[in-house]
Structures are given as C-alpha cells and as structure tokens.
Amino acid sequence: MELDQLIKSCAKRNRRAQEELYLLYEKKLFQVCLKYCRSREEAEDHLHDVFINIFENIKNYKGKGSFEGWMKRIAINKAIDKYKKKRTYGLKEEKIQMLSEDVTIAADELPTSIEDIMELIRELPDQYRLVFNLYQLDGYSHKEVARMLNISEGTSKSNLHRAKIKLKEQVVALKDIGAVKNEK
C-alpha cells in the first residue's frame, strides 16, 4: 500500500494499515526511542506509547514535511514529556558554570561499536542525555533545546558540556578496564 493511502487508512483506524505502518517504521523509531531511554525495555515501552500517540493523532498529519520526521518528533516529544514529569517530582534545573575548554574524545579512545557508544550515552543522567541527544545527535540549537526542555540556553550549553565530560570519563574508564583485561 502506498504511504498516502496507508496514512489515510490509519486515520480511519484500520487495524491492518496500522500494523503495516508499525512494521514499516518500528525499527527506525525504536532507534530514536533507544537514544532517549535508559534501557531497551524502557525504549520498547516508549515505542509502544509513541505508536499509540501516532495512531491517535495521524488524522492531524497534514502532509507537510516528511511523515517519518513527523513521527520522529512525536517520539522525541514523548521522551521530553516523560522527562518533564519526572523533573517536576524533584529534579531541579542545574546551574552549572561553563568551563571554557571544549571537551573532545580522540577517535582512538572511542569504543569500537556504535552500540557501545549508545550505551554510554544511555548511562548519562537524564538532563545531560536529553540535551546531548537533542543538540549533538538530532541537530537542534541550544535555543530550541532550551525551549523544548523549559530551561535556559545557558543551562542547555552547560548540560551539553557536562554530558561530554561524563562521556569522556566513561570512555577513559572503559579503556582502563580493557587494559586491565588485556594484562591478564
């Protein structure tokens, strides 16, 4: 079925069309969910919630821009909403002084697989992980990230900086563990 027809059928709550759409996009959207969640299990739950949201709102898709991009925004916004709800229960906006040095990780220091890198990103504290993903991986500006997360631009920048510091620490720790294993 053509994508336009599939979208129209999903808007009419056709179960077969919904299943076809799910099968068509589940892997791509799962990767988005995995970026914003702590574990595969949480990402699977998030994916389920994202598709429910997509099917409930597909009638609002106007055909402007990419449909895949529209679904990706739903996945990202759901993750942000979840973070905001959690944040209202005790997390505060961090006021961190920016360090002037840029944090870089040499290519030979990086883990060898993308899965290992994504695992390190998933281990970041929520506020760092969200800013890192939105800015570094999804290309949003600090102004956009600040608006999306209800934080200041300065906090967005400092959270990105702290995320990079934590990632570098994690990479160094992994390298040290690898060196110890190789010595044995």
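Laboratory data are not the source of any read-out in this text; all were calculated from the coordinates shown. Only a predicted model underlies this, so the values are computations on that prediction, with no experimental measurement involved. FYI the Cβ positions are ideal-geometry reconstructions off the backbone, even for glycines, and counts take in every protein chain you see.
Starting from the Cα of Met1, step 7 Å along the direction of its Cβ; do the same at Leu174; then give the gap between the two resulting points in nm.
With each label placed 7 Å out from Cα toward Cβ, I get 4.1 nm.
Just add up the charged neighbours of Leu134: K/R +1, D/E -1, any other residue whose Cβ is under 11 Å from the Cβ of Leu134.
For residues surrounding Leu134, the net value is +1.
Kirkwood Rh over alpha-carbon pairs of region 1-83, then Stokes-Einstein at 10 °C and 1.306 mPa s: what D in µm² s⁻¹, rounded to an integer? Please list the in-between numbers first.
Numbers: Rh = 12.8 Å.
Value of D from the Cα-based Kirkwood radius: 124 µm²/s.
Pairs to check: Lys35/Lys85; Lys27/Lys84; Lys62/Lys82; Lys82/Lys175. Give those whose C-alpha atoms are more than 22 Å from each other in this structure.
Values: Lys35/Lys85 19 Å; Lys27/Lys84 26 Å; Lys62/Lys82 26 Å; Lys82/Lys175 33 Å.
From the list (Lys35/Lys85; Lys27/Lys84; Lys62/Lys82; Lys82/Lys175), the Cα-Cα distance tops 22 Å for Lys27/Lys84; Lys62/Lys82; Lys82/Lys175.
Taking the Cβ-Cβ separation of Asn57 and Asp126 as r and a Förster radius of 30 Å, what is the calculated FRET efficiency to the nearest 0.05? Working shown, then result.
Values: r = 25 Å, r/R0 = 0.84.
For R0 = 30 Å, the calculated efficiency reads 0.75.
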